[in-house]
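Colleague: Below you'll find the structure I mean.
The values are calculated or read from the model by the stated rules, or taken from the named source; none is laboratory data. Small disclaimer: the values here were computed from a predicted structure and weren't measured. Quick reminder, even Gly has a Cβ in these numbers, built from the backbone with ideal geometry, and neighbours come from all protein chains shown. Side chains are part of the model used for accessible areas, which takes the heavy atoms of the whole protein and leaves out ligands, DNA and RNA. Shrake-Rupley method; radii C 1.70, N 1.55, O 1.52, S 1.80 Å.
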Number of protein chains: 2
Amino acid sequence: MSKVAQRYLDVDPWVVRERGFHAGRSRISESVFSVGNEFMGVRGCFEEGYGGQTTLGSYFNGLFEEEPVDNFFKGLVRRTHFIINAVDWLHTRIALDGETLNLARCRFHGFVRALDLRTGVLCREFVWTTRRGRKLKLSFERFTSMRDGHLGCQRIVFMPLNFSGAVRVEMGLNAATVCELHGRRNFFSDVKTGAAAGGGLALLARIERSGQRVMAVMRTEAAPAVAPRTFASEKFIGRRFDVRLQRGQASRVDRIVTCSVEKDAGVPSARVWRSGLALAKARAGTGWEQARAAHAGYWQDVWNKLDVRIEGDPENQQGIRFSIFQLHQTYHGADPGNNVAAKGLTSESYWGVTWWDTETYCLPFYLFNNPDAARNLLLYRYSKLPQACERARQKDCEGARYPMCTIDGTEACATWQHGDLEIHVSAAVAYGVWHYVNVTGDKGFLHREGIEMLLQISRYYASRGQWAQRTGDFGFWFVMGPDEFHMGVSNNCYTNVMAKKTFEWTLQTVREMRRAAPALLKTAADRVGLRPGELADWRRKASAMRIRRDRRTGVYEQHDGYFDAPHLECSRIPATDFPLYHHWAYFRLFRWDMIKQPDVLLLHLFFSHDYDLKNKRANYAYYEPRCSHESSLSPGVHSILAVELGLHAKAYAYWRHAARLDLDDYNRNTHEGLHTTSMAAAWLNVVYGFGGMRSDGKMLSFAPSLPARWRSFAFRVLYRGSVLKVNVDRRAVALTAASGPPVRVEVFGRPRTVTAAGIRVPMPAGRVARAG
Amino acid sequence: MSKVAQRYLDVDPWVVRERGFHAGRSRISESVFSVGNEFMGVRGCFEEGYGGQTTLGSYFNGLFEEEPVDNFFKGLVRRTHFIINAVDWLHTRIALDGETLNLARCRFHGFVRALDLRTGVLCREFVWTTRRGRKLKLSFERFTSMRDGHLGCQRIVFMPLNFSGAVRVEMGLNAATVCELHGRRNFFSDVKTGAAAGGGLALLARIERSGQRVMAVMRTEAAPAVAPRTFASEKFIGRRFDVRLQRGQASRVDRIVTCSVEKDAGVPSARVWRSGLALAKARAGTGWEQARAAHAGYWQDVWNKLDVRIEGDPENQQGIRFSIFQLHQTYHGADPGNNVAAKGLTSESYWGVTWWDTETYCLPFYLFNNPDAARNLLLYRYSKLPQACERARQKDCEGARYPMCTIDGTEACATWQHGDLEIHVSAAVAYGVWHYVNVTGDKGFLHREGIEMLLQISRYYASRGQWAQRTGDFGFWFVMGPDEFHMGVSNNCYTNVMAKKTFEWTLQTVREMRRAAPALLKTAADRVGLRPGELADWRRKASAMRIRRDRRTGVYEQHDGYFDAPHLECSRIPATDFPLYHHWAYFRLFRWDMIKQPDVLLLHLFFSHDYDLKNKRANYAYYEPRCSHESSLSPGVHSILAVELGLHAKAYAYWRHAARLDLDDYNRNTHEGLHTTSMAAAWLNVVYGFGGMRSDGKMLSFAPSLPARWRSFAFRVLYRGSVLKVNVDRRAVALTAASGPPVRVEVFGRPRTVTAAGIRVPMPAGRVARAG
């Protein structure tokens, strides 16, 4: 790991703060200071306009444009889709003395920008000195309400320090925005603007090819607004007015915007317009302060429920809180039609699409913080089952083949070597189903939606897999595993294990349902058209699955022939060669034993109980030095496993990358958006890593370790109706059922009952890392 | 092989003839009736215009347009290039009674179209009955001179059967042509037209991005031409005139066109215009008859030198002559800047680019028919050595990496999985060098150009290859062999053998030159910057090369893990599934033991002396049923090997496909152009197959067989200054040195000296196939 921290933000346990404007890092800050509420998100851009480096970004969950893809070969995608930079509902212009405020050109001092994680409000202030010498202090606040997803709120406070006079303010709704990733194109057509009730303005825009609509209705409250005038230009409507300022007195302008989307291209625009106006009208009575209080209250609840506290490591304390904050901003299960994009709602990069990160990294976070949100993530996949079945058919297969990445359930990945070879993504969905049910015990979901997904995914693997002609093994030829540095391999170990597990989960669920829910089983079997012999076929295939292991060392072979692949000393790759995708010829990446990210090792995390410590040690020792960590998800997984193996120094080194990946711009690409799903890995890093939690057994288990720098750390998990508090210090791990019934868990391998009174288990030798 | 003949053309030993117009097959006929002369080629379209299915095509060797390619990954091509439909120099319109001749709409009878292989002239005639009842017999002739590549000649003869009057004729040069394969786009810009000396017309057109130019100058000779008028439209110039017709008397219009190209975008257009006019002027004295006589004389020479005669098989007699004819039309070594495209000069399909077919299939044809042409094919590769070295660097390698396909020497293949994984194409060039020198003994070429290519290609393989970490083998990971149904495999046997051979040929040549040509060796070593230790490195890598063979059976494993790959019964694939690329999902092709075309078996053909008959039999028995023959080059190779193994029925079945692939439209895609390089395979099928010739030993060897249907067959090969005639009948094989010194060859394994008097060797038992 030759990546280094690029720090310029204050270290503070609760606030992300930039003191003095760092123009050279403006786009990094825009990502870091993003606010969102699952329904929508905006980058931390300067709403008044900025003439320097900037990527304006206003995103809506699930809103996309689509494009045809020119592909010759049968079964390759013919259409892709991607998130777009939508309506800028914060558009503002401020002028004084005929000079327009623009921090790239104007004189200013005292710049502070701060995102308060406790309240979820982004603030910015500075003093602007005009060419004529007038000094105006400006304070901006913004938030997107976590209580009412449609609500975006902006406040500007003007404090004239050495004059009285008028400041000219313009506030508008702008659909003439461009997408940086797509050649600075604008994707809106049929933009309608007009007046809304109570002096508001409204804008409705249609995305050209997808036909989806976005609507925004704004109203402003400016104390002494003078001469307001509505004006419009192409794909834009706004209001211009003056605010009279009295020297030494603060004047305020508030804007409350109600945003809505219509994802169904078939709904007439007139109806969308009407319901957008109605939505705004319903919120006509909501004032800024009221909205802010509700929003801050939401965050207070969040932190009360699931704060992670680290004593003795302020940097990473901040990092983990920032991660939790961003995850909640991105998704908290408000709508089962939403999902988590790799970069959340902070960028157009990675196309705003959902990957298998959702089931592998994000789902566990929600499972233990917000089980309803976890359920909604799975219901999202259930709702996309028809698309997954259609995709399987396009590939001459049966069952459900979930896409590599998607917004609407169809395959968005036009890079076929990923989109089509990474067949393991369907198993990740099955894993999500199993993991959710194992943790929550939600058999209702399993017997209704879950079983249908399991049946269709099993059917997919049964049809995609093949029999080896000499050994008679069952397996998967021409695939790509999670390690994307080996393309078109045969029998990727992770894929084979996951498919085998999928068969087993399915068969086990069927057995269970035969007894416990025969009617629901019949319903599911009828819905998927289960054929006689299919279950037996899957049983045979599961038991014949090729999973190769070196008998002497216990190391699993990542894929056929991997052990004999040419060796590369990853540690000797010069730091300047990273990212490898940019510096190495494409074809050079795929012919070594170097891997991009954990592959076999994921199994030791997901199915911890299946492997003994000796096996984990052997596999970690073999694969860790072969890993280039080209994926931002890699360090967290390595850290978790290193903790388990007592490799404290390694564990902590990887953890730092995971916890402050974006705050310190480790990957030098935070300007392209936050690594939102990696933030879930950061949370896993605390809870599964240092907390030593495992959730693949019959009960939760804990085996914490304490890094040398930490005095203590604490976290909470929601588990079967209880809030389980875990506190770890050098002497002991303390567990308390803060609310709910007593909980049976394993601690350091022994079953314990945790009650409201709590239990304390002494830290065993070697579990507390020594400094140095 | 579930492909069937679609016959509609006459079977005739010397003429390809269509009786009655087959409108439903018009585009097939256009391909079959193509004429060309290496410099240029035109499809057999109706020059007077045709309102039915047609693909107008006028091509110039090496003339291309280029286009940017949008590729994210480093080292993937950023630009591609392709042949275009260029200036239509045959553009003609004919009107009578105000009715324009168009065989899609007019009444006509007596249609005959014939390509005479003896003279290389395409003729067409029919009687047109106008709506007013006038009957006009028209005869068209055209050829592109094999003696003077710039010359294209057209003749139209009008014979009014029941009237006297005037026919209106328009003849023009048209650069407003479109490319069917590229969305019917026209690629010309800056078209200049004007008058040429002697009443001629001239047109110069520039290809938009490549900047290449094509120029055509025409003159017409029409006996009683009345009221000629020059007219122009966009990218077009022409002349309109009347021809007075007397009932029962033939009137003639001749057109002679001089075409030239300028491939260097840097040459000013004014200079191209001047030299185009000068070229035309130099041919001002050449009349139609004179040009035709020279052209026909060329063909007479060809047939005298290298006719293949088959007694008892008229269909395939025609097929093989048609193949030889088309090969010569496409290429005969007139210019080392030219090469052979997969579809010759008969189509835009396959982009007019040159593949490794040139060295593997075409080179042997020219080696034994026209050694200078063979040498020119290698000089073409030598001239593209800088581009091959640049391409290697782009791929983080050293040495020379020849492109998958190309016109100008850069990689034209934008499908990276082929363009970048098929690293065997460089070895095909090395094989060409070695094969050429082995047959011709041309050490001058070897010690000057050949050695430099060998050094750079060896260097490429040394840098591209890797060491297996367990076994210590040297080999190539993440490649694709000739069998394109296995992508990203490791240690493709063919590739590894070819690279090993390349190392060995290089080392052997260096050894030989140390003794025989030390100064030239120093020159070559200096030019390529040979480093100390490189030769030793190549020796080590050659000797450690992984070439896996089943010890029990002797079957070579096509690539790592192939023997255990899932098995597919190719013979059970329904005929309607072909071509598989169209009917199977892309990802489904790559995960079986099914192969697209011979891979390991190529080695048994190229290096026949390295393998004993038992080994050949075992490998053929293993691989032949696994081959889908999705490549048109596949049947010929299988036929050749089947002959050697005494599998007469198989050999003949495959041969029929090879010999009449286009005449009978076996692959149902002849309308997209002729399979020109497969025609070379058809020739190999006679000479290497039934003739049993092998050219990889110290001397030529022959071991003929006679198919059951054949009474006898005969062919000639040029070999070391002699013309060796081979005649095979049921009793004996007769060899004669028709000209030149006596030749030492092996016949049925025994060395013989062939003199002008000839020798006769009795056919051994089993060499004459029995009917049934």
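Colleague: By how many degrees, 0 to 90 and rounded to 10, does the Cα axis of helix B:613-623 deviate from the longest principal axis of chain B?
Modeller: 60 degrees
Colleague: Long-range amide H contacts for A:His559: which residues qualify at under 5 Å (H placed 1.01 Å from N, peptide plane, sequence gap of 5 or more or a different chain)?
Modeller: A:Cys493
Colleague: Counting Lys +1, Arg +1, Asp -1, Glu -1, what net charge surrounds B:Cys179 among other residues with beta carbon under 11 Å of its beta carbon?
Modeller: Summing Lys/Arg as +1 and Asp/Glu as -1 gives -1.
Colleague: Still on this structure: Check A:Val768: other-chain or 5+ apart residues with amide H under 5 Å from its amide H, H built from backbone geometry?
Modeller: Excluding prolines and chain starts, which carry no amide H, the hits are A:Leu706.
Colleague: May I pose another question? Helix A:518-528: angle to the longest alpha-carbon principal axis of chain A, degrees 0 to 90, nearest 10?
Modeller: 70 degrees
Colleague: Looking only at other chains, what is the average number of their beta-carbon atoms within 10 angstrom of each beta-carbon in B:71-78?
Modeller: 4
Colleague: What is the Cα centroid distance between region A:460-495 and region B:7-58, reported in whole angstrom?
Modeller: Cα centroid of region A:460-495 versus Cα centroid of region B:7-58: 48 Å apart.
Colleague: List the lysines whose alpha-carbon lies under 27 Å from that of A:Lys443, not counting same-chain residues fewer than 8 positions away?
Modeller: Straight-distance partners of A:Lys443: A:Lys305, A:Lys384, A:Lys500, A:Lys501, A:Lys522, A:Lys541, A:Lys698, A:Lys725.
Colleague: While we're here: From the phi angles alone, apply the Karplus equation (6.51, -1.76, 1.60; θ = phi - 60°) to region B:210-220 and give each ³J(HN,Hα) in whole Hz, x where the residue is Gly or Pro.
Modeller: Using θ = phi - 60°, the values come out as 6, x, 5, 10, 10, 10, 9, 10, 10, 9, 10 Hz.
Colleague: Suppose every K and R has +1 on its Cβ and every D and E has -1 on its Cβ; what is the size of the dipole of region B:614-681 about the Cα centre, in Debye to the nearest 20?
Modeller: Dipole size: approximately 420 debye.
Colleague: From the phi of every residue in region B:478-493, what ³J(HN,Hα) in whole Hz does the Karplus formula 6.51 cos²θ - 1.76 cosθ + 1.60 yield, where θ is phi - 60° and glycine or proline is x?
Modeller: 6, 9, 10, x, x, 6, 8, 9, 9, 10, x, 7, 10, 6, 4, 4
Colleague: Determine the shielding of peptide B:340-350 by partner chains: average, over its residues, the number of Cβ atoms on other chains within 10 angstrom of each Cβ.
Modeller: Per residue, the number of nearby Cβ atoms from other chains is 0 on average.
Colleague: Given the whole protein assembly as supplied and a 1.4 Å probe, what does the accessible area of B:Ser628 come to in Å², nearest 10?
Modeller: Result for B:Ser628: roughly 10 Å² accessible.
Colleague: Which ³J(HN,Hα) values in Hz, rounded to whole numbers, follow from the phi angles of region B:304-311 under the Karplus curve 6.51 cos²θ - 1.76 cosθ + 1.60, where θ = phi - 60° and Gly and Pro get x?
Modeller: 4, 7, 9, 5, 10, 10, 10, 9
Colleague: Can you tell me how region B:647-704 classifies by the Cα gyration tensor, rounded, prolate or oblate, using a/c under 1.5 as the rounded cut?
Modeller: The shape class here is oblate.
Colleague: Solvent-accessible area of B:Trp477, probe 1.4 Å, all protein chains present, reported in Å² to the nearest ten, please.
Modeller: The accessible area of B:Trp477 comes to roughly 20 Å².
Colleague: Also: Amide H to amide H, which residues 5 or more places from B:Ser739 or on other chains are under 5 Å from it, using H placed in the peptide plane?
Modeller: B:Val723
Colleague: Considering the rotation that carries chain B onto chain A, locate the chain B residue whose Cβ comes closest to its axis and report the distance in whole Å.
Modeller: B:Gly488, 2
Colleague: A follow-up question, please. Which of the lysines could a cross-linker span from B:Lys281 if the Cα-Cα distance has to be under 22 Å and same-chain partners fewer than 8 positions apart are dropped?
Modeller: List returned: B:Lys192, B:Lys263.
Colleague: To test your reading of the geometry: what angle, between 0 and 90 degrees and rounded to tens, separates the Cα axis of helix A:634-644 from the longest principal axis of chain A?
Modeller: For helix A:634-644, the angle is close to 50 degrees.
Colleague: Can you classify region B:566-678 as rounded, prolate or oblate using the Cα gyration tensor, where a ≥ b ≥ c are the square roots of its eigenvalues, rounded means a/c under 1.5, and otherwise it's prolate if a/b beats b/c and oblate if not?
Modeller: Judged from the Cα gyration tensor, region B:566-678 comes out oblate (a/c at least 1.5, b/c at or above a/b).
Colleague: May I ask you to report, in nm to one decimal and beginning with the shortest, the distances from B:Glu125 to the same position in the other copies, taking label points 7 Å along Cα-to-Cβ?
Modeller: 10.2
Colleague: Then there is this: Give the peptides B:229-238, A:112-121, B:498-507 in descending order of average Cβ contacts within 10 Å, highest first.
Modeller: Listed from highest to lowest mean packing, they are B:498-507, A:112-121, B:229-238.
Colleague: Need the list of aspartates and glutamates near B:Lys616 for cross-linking: C-alpha distance under 17 angstrom, and skip anything on the same chain fewer than eight residues off.
Modeller: B:Asp550, B:Glu557, B:Asp599, B:Glu624, B:Glu644, B:Asp696
Colleague: Under the rule of -39500 (n - 2.57) per DSSP H run of 4 or more residues, summed and divided by the residues of chain A, what mean residue ellipticity at 222 nm is obtained, to the nearest 500 deg cm²/dmol?
Modeller: -8500 deg cm²/dmol
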